[in-house]
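Peer 1: Okay, here's the structure, questions in a sec.
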Amino acid sequence: MLLALYGVFSFIGLGYLAKFLRMVGNKQSGILLGFLLNFALPAQIFNGIYHIELDFKLILILLTTLSCSLVGGTAMYFFAKRILKRESNTAVSMAFLSALGNTLFLGVPLVYGALGQEYSNKAILYDQICTAIPLAIFTPLIMSIGGKGIFTIRSVTMRLSSNPLFLALLIGLAFKFMPFSINDWIFVPIKQLGACATPVALFAIGVQISIGDIKTEWKNTFIVLFWGMIVVPTLVFMVIIITKVEFTDTWRMALLESAMPPLISSAAVIMRAGLNNKIAVSSIAFGIFISAITIPTWLWLSYL
């Protein structure tokens, strides 16, 4: 895990340094993200989904963890609105940020470092079921709350059908259930392309970090991070303890993923919707640094 954290923060730091030294501008950043979202990540997802061992227990664990995240996000809204007396825009932003974590860019490499390749493949499936699909559903809803659109089933369907990552998931599943198998040599360039995903994604995170944003909205930021990185995984941990199921590595993968800092795409949605964008960028920037402490702690607790 410590080696994985070292690698993660090395690439993030390199991205931030490149931004600070003005070695990477908006044009280069756009090309980088285009390559990442349209080629590298879909290749990584396709390869991971095709080689994953699917079973009922895995799906049940993913749905259970998703339920904990949604319950946590809903509770965050009512806590911010009723107890903290925050404005509706701020309460919605806090709930959205605490419910969805950075389960792909950060989650997959950290799970790989903690549990290995088999469980990083499962983490890819976790990201699609517990983050990508909810994001596609909630984005039109958040936009409608901000007066920027209307929430419809069609808007959700259009968002999913145009998402290269979701399409890679569907294609991977389709080939997995074919009556024939794909030869290993076909996966050589796919694996090489997918191997670029993690360093490029972490570099892109570093480019987008703004340290100055951490100073703003620090109270709300603390609450969002505490809720998303402590309260939500605590719900998952309690489910495991109460149901007395065996604490397998699959459960550990789900626990670690549920404890990830806020999703970067959530900030983009909040900004587009005209909600509280300061708390969004602050939570993402500070959450990345906090994860260096909280993720190893949750991993340690899972072995007690």
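Peer 1: Can you tell me which of Ile45, Ile31, Ile49, Ile61 is open to solvent by less than 80 Å² (accessible area, probe 1.4 Å), closer than 18 Å to Pro199 by Cα and either in contact (Cβ under 8 Å) with a residue 60 or more places away in the chain or of a type in the set (Val, Ile, Thr) (or both)?
Peer 2: Only one candidate passes the filter, namely Ile45.
Peer 1: So Lys219 fits all but one of (1) under 26 Å from Ala4 (Cα atoms); (2) surrounded by fewer than 22 Cβ atoms within 10 Å (Cβ to Cβ); (3) of a type in the set (D, E, K, R); what number is the exception?
Peer 2: (1)
Peer 1: Something else about it: Counting only residues that are under 20 Å from the mean Cα position of the chain (by Cα) and over 30 Å from Ile242 (Cβ atoms), give me the helices (runs of 4 or more DSSP H) lying completely in the stretch 1-87 with at least 3 of them.
Peer 2: 2-20, 26-35, 41-51
Peer 1: So, one more: Somewhere in the stretch 66-73, is a residue modelled with pLDDT of 90 or more, open to solvent by 40 Å² or more (accessible area, probe 1.4 Å) and in contact with a Leu (Cβ under 7 Å, 6 or more places away or on another chain)?
Peer 2: yes
Peer 1: Can you find, within the stretch 165-191, the residue that is most open to solvent (accessible area, probe 1.4 Å) among those that are of a type in the set (Phe, Trp, Tyr) and assigned to a loop (DSSP other than H, G, I, E, B)?
Peer 2: My answer is Phe177.
Peer 1: Mind listing just one residue for me: the one in the stretch 247-276 that is aliphatic (A, V, I, L, M) and open to solvent by 40 Å² or more (accessible area, probe 1.4 Å) and, of those, nearest to Ile230 (Cα to Cα)?
Peer 2: Per the criteria, the residue is Ala268.
Peer 1: While we're here: So which helices (runs of 4 or more DSSP H) are wholly in the stretch 192-304 and hold at least 2 residues that are touching a strand residue (DSSP E or B) at 6+ places or on another chain (Cβ under 6 Å)?
Peer 2: By residue number, 277-302.
Peer 1: Which condition does Ile279 not pass, out of (1) open to solvent by less than 10 Å² (accessible area, probe 1.4 Å); (2) within 15 Å of the chain's Cα centre (by Cα), if it passes all the others?
Peer 2: Checking Ile279 against (1) open to solvent by less than 10 Å² (accessible area, probe 1.4 Å); (2) within 15 Å of the chain's Cα centre (by Cα), the one that fails is (2).
The values are calculated or read from the model by the stated rules, or taken from the named source; none is laboratory data. The shown structure was predicted, so the numbers you read here are calculated from the model rather than taken from an experiment. Because the Cβ atoms are built from the backbone with ideal geometry, glycine has one as well, and the counts that use them run over all protein chains shown. Areas reflect the complete protein model, heavy atoms only, side chains present, ligands, DNA and RNA absent. Shrake-Rupley method; radii C 1.70, N 1.55, O 1.52, S 1.80 Å.
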